[in-house]
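The values are calculated or read from the model by the stated rules, or taken from the named source; none is laboratory data. Computed from a predicted structure; not experimentally measured. Cβ atoms come from the backbone with ideal geometry, glycine included; neighbour counts cover every protein chain shown. With ligands, DNA and RNA removed, areas are computed over all heavy atoms of the protein, side chains included. Shrake-Rupley method; radii C 1.70, N 1.55, O 1.52, S 1.80 Å.
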Amino acid sequence: MRKFVIAGNWKMYKTNAEAEQLTEAIKGKTTSIEKTQIIICPPATALETVSSIVKDCEIAVGAQNMYWESQGAFTGEISSEMIKSTGATYVIIGHSERRQYFYDTDETVNKKTLYALQTNLNPIICIGESLEQREEGITKDILNDQLEGALKSISAEQMIRLIIAYEPIWAIGTGKTATPEQAQDVHAFIRTKLQSLFNAATSNSVILQYGGSVKPTNAYDLLKQNDIDGALVGGACLEAESFSEIIKAAESLS
Ligand code: PGA
């Protein structure tokens with residue numbers, strides 16, 4: 001049985017003081033959650049603050065990006081080792097905003113993923129098509145290439161530590177969500193692809209999250225789908241109330 005995993009991607013929001021407030025509020029509102037894994041992904045500057053607040057509970061912490069070397073002359077980058085030293089255990093890799101504005105490619109996503117795995121940080125790999133690609137009818141071709149690129153040289157044992165987040169770019173921050181049927185269709189495709197790349201047991205164990213305008217009002221219907229095991233939440237995770245409502249929707253389906 002796969003468990004639900006709800007991750008909040010804070011993007012470039014929240015100073016340390018604000019991060020402390022929000023984390024305390026999320027912690028306070030999720031004390032009854034037992035079956036759903038919660039992950040908070042603040043900006044790198046707040047990783048340690050958030051980690052120290054959640055260290056006595058089951059909430060996990062993740063970074064939003066990393067570089068694939070342990071150290072060196074790479075101004076502005078942070079390594080997996082640095083992320084882990086804050087107490088964080090996850091890292092988002094290849095978010096569409098990183099691909100669009102900061103030159104992440106399938107190749108760099110693969111390098112980052114391999115290095116994260118090698119250093120025991122759990123990657124959340126983001127994939128997704130643009131509106132033009134969906135309208136052209138090439139969504140699955142795009143996802144196929146993104147998966148093959150991101151997962152090159154990864155073993156089946158490593159694969160079960162990965163989370164794949166399907167985030168249609170046209171649904172991110174736009175208020176336009178994929179319908180539960182559209183999302184399920186793509187998630188089923190991803191699972192079948194994982195089966196052909198690895199094996200059935202692995203593909204059945206991997207957590208597949210949906211992301212793109214997930215809100216308390218649509219979370220339940222999305223999470224109810226067979227192959228949707230969680231959500232990567234942007235906008236709605238910046239308020240403890242809406243983030244905890246999404247987590248409760250997952251918990252009610254567990
Ligand atoms: P959104 O962002 O929930 O604001 O659409 C999701 C994401 O970018 O991960």
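Could you give the length gained on full extension between T15 and N144, defined as 0.36 nm per residue of separation minus the Cα-Cα distance, in nm?
Residue separation times 0.36 nm, minus the Cα-Cα distance, leaves 42.7 nm.
So which of K27/K224; K29/K112; K27/K84; K27/K140 end up more than 28 Å apart, counting from Cα to Cα?
K29/K112; K27/K140
So how far, in whole Å, is the C-alpha centre of the range 122-161 from the one of the range 182-221?
Comparing the Cα centres of the range 122-161 and the range 182-221, I get a distance of 11 Å.
Within the range 40-85, list the GluC sites (Glu not before Pro) lying in a DSSP loop whose Cβ has at most 13 other Cβ atoms in a 10 Å radius.
For GluC sites (Glu not before Pro) across the range 40-85 that sit outside H, G, I, E and B with at most 13 neighbouring Cβ atoms in 10 Å, the list reads E58.
For T75 and E241, compute 0.36 nm times the residue count separating them, minus their Cα-Cα distance, and round to one decimal in nm.
On the way: separation 166, 0.36 × 166 = 59.76 nm, distance 3.69 nm.
Taking 0.36 nm per residue and subtracting the Cα distance, the gain is 56.1 nm.
Report the Stokes-Einstein translational diffusion coefficient (µm² s⁻¹, integer) for the chain, Rh taken as the Kirkwood radius over Cα pairs, at 25 °C with viscosity 0.890 mPa s.
136
At a Förster radius of 25 Å, what calculated FRET efficiency corresponds to the Cβ-Cβ distance of Y220 and T45, to the nearest 0.05?
Here the calculated transfer efficiency is 0.15.
Which percent of the accessible area of the chain is formed by carbon and sulfur heavy atoms (probe 1.4 angstrom)?
49
Can you compute the charge dipole magnitude of the chain about its Cα centre, using +1 on each Lys and Arg Cβ and -1 on each Asp and Glu Cβ, nothing else charged? Give it in debye, rounded to the nearest 20.
Details: 23 positive and 32 negative charges, 83 e Å.
Using Cβ point charges on Lys, Arg, Asp and Glu, the chain gives about 400 debye.
Accessible area per residue of the chain at 1.4 Å probe, in Å²?
On a per-residue basis, the chain sits at 45 Å².
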